[in-house]
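What follows is one structure encoded as structure tokens, with my remarks underneath.
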Amino acid sequence: MAAPLSVEVEFGGGAELLFDGVKKHQVTLPGQEEPWDIRNLLVWIKKNLLKERPELFIQGDSVRPGILVLINDADWELLGELDYQLQDQDSVLFISTLHGG
Amino acid sequence: MCQVGEDYGEPAPREPPPAPRPSREHKCVKCKEAQPVVVIRAGDAFCRDCFKAFYIHKFRAMLGKNRLIFPGEKVLLAWSGGPSSSSMVRQVLEGLSQDSAKRLRFVPGVIFIDEGAACGRSPEERAKTLAEVKPILQAIGFPWHVVALEEVFSLPPSVLRCSSQEPAAPDGAYKAAVDNFLQQQHVLGAGGGPGLAHGEEPLPQPRAQSAWDLQSLVRPPAAAQTEALSHLFCSVRTLTAKEELLQTLRVHLILHVARAHGYSKVMTGDSCTRLAIKLMTNLALGRGAFLAWDTGFSDERHGDVVVVRPMREHTLKEVAFYNRLFSVPSVFTPAVDTKAPEKASIHRLMEAFILRLQIQFPSTVSTVYRTSEKLAKAPRDGPAAGTCGPRCLLCMCTLDVDTADSATAFGVQTASHLSQIQSPTPLTETGTPQGLCCSPGGASRREDPQACIAEQLCYGCRVNMKDLPSLEPLPPYILAEAQLRTQRAWVLAELRDCLIEDSEDEVGQS
């Protein structure tokens, strides 16, 4: 049983438009059986934060191509991408590099 | 032999060993010491400092390699507020503040175009964006130009004329210019100028500061023009054509501002990723003939003002990381295609296609981009035609259409267009060039500006303009120039007719 986590989720490059224009979200992820990884986090974001057009943010079980993910200001490719296990107080940033956000 | 066999047999399991994925355990590929923060170029992990050095070097190398920008030359930086152009402005800033040997030596200015009206934004939203733009421009400290896209309605038709000036300068000229510049600097330096970046340009600097008041210089566009512009964009039937039209008008406006203020180069922030997408998009749009101009490092189609793309080796990922790690400010402004679904336009579709492919094949973007590098600019009539042949009214490329060749897609298009305009009234036969020369007056010509404009467009622009139900809402400078060109063509044809008749008479007499 993983304890609840407090993480900062941030959106940039226009991705924030899908989240009511709010860039920074301080969120608390509830405790659950499995540990929280980015894969779970995306599902949680889709359910709890995403306001419209989920297909412009999430495709399949990952982010849409063209959206970069930074975990604590480092490339998620260095940290195992979807399998990265979130720690308390982590910050996860999604930057859209797509035209028009 | 045995050993070789063993070696061969052992480490070759059914699946190839997974490529060593960069991870936090590995060190930066450059310094081999620091912890990496970003993965670029298919698997190379860089630490923060090495990434910065790599990024800056790439920018400088791009300018150094091409030797296009002369010392002391005025360069207009086209800043949209987006990540790439913001990063470009930062690179120029850093370049100007470096010590003498490596210092960039041109004189920059920044232009920001407020495209709010084309994207259907309210005056309040646009004012908000401008309020974000203002402190950034202020911090940059270059002379700046904030222009509303509505200004296209006051452009002169001459914007569409190519000033045929020798744009290319041989290598020797560049070296001479640098030497000359350095000598001047030496003299100036003896006088003791403290601020290197700013001291050099005493003229534009005070002007920029005194005019800084947004109210005084950035006058809000006239409501009628805003209305006209949004009417124009609303009338365009497809998002693809809207995007293309916006690009066209934007280029014309930048060109005008550059000429009006004596800038001979314009720098745009097109990244490698964007250019790869643009290359494929333009192919799909029927602009294949102009790929080298549309995506190359330098674009000399306008003659006196050359567009350069110094960010063309930076991927969007690099740009995004650089801007984040080194806090480069940018302004997010919604574009015409913001929140549009993936299949809303050819631009969007191609972007999604390339980026998806890039995930599976990490060298997609660079492969497409390298292709663009290899394209040569010789027009089809040989390099000599690079001077001034007939140009497309909108994109100003040498016309790629062949009126005689009715078997091409273009021929089919003209034919369909003709049949359309022939049916309503017999008068409009004058839509063809031949018809025009024989037409007695200009009255019928004015009645069908649609056809007379279409004649002056390249294939890609023609296809695009088909999505405009009427050309009436286009800014006046386009319509005026089109009419001027038609008249000129008509006079020329008349003259030619006379000449031919004369020579025939002579032949008959002799």
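The numbers here are math on the coordinates, done by the rules we state, and not lab data. Since the model is a prediction, treat every value here as computed from it, not as a measurement. For neighbour counting, all protein chains shown are included, and Cβ atoms are generated from backbone atoms with ideal geometry for every residue, glycine included.
Some observations on this one:
- Against the rule of thumb 2.2 N^0.38 Å, how large the Cα Rg of chain A comes out: 0.99
- When each of A:Lys46/B:Lys317; B:Lys278/B:Lys374; B:Lys65/B:Lys102 is checked by Cα-Cα distance, pairs over 18 Å: A:Lys46/B:Lys317
- Rounded to the nearest 20, the Cβ-based charge dipole of region B:23-103 about its Cα centre (Lys and Arg +1, Asp and Glu -1) stands at 160 debye.
- Remark: the Cα gyration tensor places region B:283-325 in the oblate category, a/c being 1.5 or greater and a/b not exceeding b/c.
- Panel order for B:Tyr174, B:Tyr322, by other beta carbons found within 10 Å of each beta carbon, from fewest to most: B:Tyr174, B:Tyr322.
- Degrees, to the nearest 10: A:38-48 long Cα axis against longest axis of chain A: 70
- Each Lys or Arg adds one and each Asp or Glu takes one away; over the other residues whose Cβ falls under 12 Å from the Cβ of B:Thr273, this sums to 0.
- Cα-based equivalent ellipsoid of region B:113-158: semi-axis lengths in Å, sorted from largest, via gyration tensor: 21, 17, 5
- Calculated P(r) tail over 19 Å for region B:255-314, as whole % of Cα pairs: 34
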